[in-house]
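Structure, as structure tokens:
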Amino acid sequence: MHAEWFSVPFSRHPIPRSLMAGAALLAAAATLFSACGGDSDGAGTPTTSATGVTSPTAASGSPAASVTTAATPAADLKLLKVSPDNGAIGTAFTITGEGLPAGKEMEFFWATAEGSWKLTTGPENIQFNNKVFAPKRLSLGKATVGADGKVTAPVVAPSDYGEVHDIFGAVAGQDVAKAGFRVMRKVTVTPESGPLGTPITIKVTGLGYGQFNSTIAIRYDNMPTGIVTAVTTRGTATAVIRAAGKAGQHVIDVEHGARSVPYLNNQQSGTANIPDWQFRFTVTDDKTLPPAVIDWPDDRAVISDAAAPRTTSSGKAGSAKLTTEPKSGPILSNVTVKATGLKPNTAAELFYVTARGNRVNPSGWALTEVSLGKATSGADGSLEAKVQIPDDLGGWHVIQAVAGGELVGEVPFFVERSFYVDGISPKKVKAGDQIEIRVKGIGWTELDNGFAMTYDNAYIGFACGFSSNGDATVYLIATGEPGIHLIDLYPMIYQGHGEPPWGYQQAILTYRDDAPGLGLGYRLPAMRLAFEIVP
């Protein structure tokens, strides 16, 4: 069973009828949206220029329609009509028009954008800039204009970002007509009930790409939990939280969060046409302690392109080829390093490259090398060595082979996050006692420098692990009523350089398929813990 609201059934404010008046107004709104260019702050501004690296777009959620370049605009565009003029993705609607070139083939194009995360990468850091949306068009299909100059075309709203999209009719590569269709948001929460710790999936379709409609916030029992985005998933967001609190009913609010925190009186704002949603979840059992778990991102969303920039990399190819098995793992992982292309019977030393320092002291930080041991190549120029990953920072590192004082090859290795022992201790305390939360494998870039923490789904702050070489230890005082309490650790963006700042140190609830690091192979999970306060 699941609860579902579409458009406004549980909105605290209805969509003004003026916004649903017809295709003419939608077309005008679409024109205005295009002319304004979305954001003024760069966070949602359509752009094709970027310095550094733009994180690749995940494949999930992409429309099936073909991508095409813009047609040549005409001086005066005829007004097309669409019916209905709004709906969720997948809605069938009809485009009609008249006064068009008789007997000509007309192709219909859907104006949209391609979303990505703008990141600047280097051997010592990954800098978060903002989210960018490059404009593009999708073909919706073709139809032939009749001898009377009229055209009718049945189409389907593609899986795409929400809000108003321009629809252009083009003849021989030139735009001759225009309309607009508004993609409405749709929100589902599943399941509706379950024991304490039950994963709750909040799915949103039709999230936009403008400044004030591309980010939403989640509250649980009135407390802010985190943010939801759909930059690389084309407006479809999947957030996962856990059921917290005593047995009984709890409230989940899904609402505006353009500044990454809940906006509580949206009904009085310029975005009042976009409704908020509210759901109920019933905790059926609050007596069973949930186990500690690590909830990893969807593997399909993690892009581990070997050619992608990697922190600590020298950028030098070298004469030898190195591989590792496995290619990733937590600290203290036992790894087999293989090399080919070395000189026969040559001694080589393996080094693990990492970072040392912090963002606080004026001296900053720098890369350093840790020896993993030595090995000698055979007569065929190959070697195999067993090494152990140090208790160190997480994220992307390289393992280098040095022979005769010269770097001959390197291979990347990703250090994953892990719990120290059980992650939390003790697991049973009295109110007012201290508990310890400890995590290993925290990184040092702006994408993996720490985690955001929630206590019974209420955001309480963040922790970092750079200065402590990947160890993040948090001490909390147990508060609340006797019973089981949940602690969740989410990926976050430590800091950034967009204008204005958004989302920094906030829990990214869409960590599974839409987070900045996924396009660079950063597999950052949510980490789930629980403890009990006893009388």
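The values are calculated or read from the model by the stated rules, or taken from the named source; none is laboratory data. What you see is a predicted model; the values in this text were computed from it and never measured. Cβ atoms come from the backbone with ideal geometry, glycine included; neighbour counts cover every protein chain shown.
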Inset, instruction - Assess whether THR198 counts as being in contact (Cβ under 8 Å) with a residue 12 or more places away in the chain and within 23 Å of the chain's Cα centre (by Cα). - result: yes
Legend entry - VAL228 being modelled with pLDDT of 95 or more, crowded, with 20+ Cβ neighbours inside 10 Å and closer than 21 Å to ASN86 by Cβ: no
Inset, instruction - Would you confirm whether any residue within region 135-153 is on the phi > 0 side of the Ramachandran plot, surrounded by fewer than 23 Cβ atoms within 10 Å (Cβ to Cβ) and in a strand (DSSP E or B)? - result: yes
Legend entry - Subset of region 288-340 that is part of a loop (DSSP other than H, G, I, E, B) and among the hydroxyl-bearing types (Ser, Thr, Tyr) - its residue that is farthest from MET527 (Cα to Cα): SER319
Inset, instruction - Mind listing whichever residues of region 328-370 are crowded, with 18+ Cβ neighbours inside 10 Å and within 17 Å of ASN449 (Cβ to Cβ)? - result: ILE331, THR354, ALA355
Legend entry - Criterion (within 23 Å of the chain's Cα centre (by Cα), part of a loop (DSSP other than H, G, I, E, B), among the small types (Gly, Ala, Ser) and under 23 Å from GLY519 (Cα atoms)) met by exactly one of GLY226, GLY210: GLY210
Inset, instruction - Might you let me know whether region 358-369 holds any residue that is out of contact with any Asp or Glu (no Cβ under 8 Å at 6 or more places or on another chain), part of a strand (DSSP E or B), of a type in the set (Ser, Thr, Tyr) and assigned by TED's automatic domain parsing to the domain that holds LYS327? - result: yes
Inset, instruction - Go through region 160-173 residue by residue and tally those that are touching a Ser or Thr at 6+ places or on another chain (Cβ under 7 Å) and modelled with pLDDT of 95 or more. - result: 4
Legend entry - Subset of region 359-391 [within 20 Å of THR121 (Cβ to Cβ) and in contact (Cβ under 8 Å) with a residue 24 or more places away in the chain]: ARG359, TRP365, ALA366, LEU367
Legend entry - Considering residues of region 73-114 that are among the aliphatic types (A, V, I, L, M) and surrounded by fewer than 19 Cβ atoms within 10 Å (Cβ to Cβ) only, the residue farthest from the chain's Cα centre (by Cα): ALA102
Inset, instruction - Scan region 380-403 and give yes if some residue there is touching a Pro at 6+ places or on another chain (Cβ under 6 Å), under 27 Å from LEU518 (Cα atoms) and of a type in the set (Val, Ile, Thr), otherwise no. - result: yes
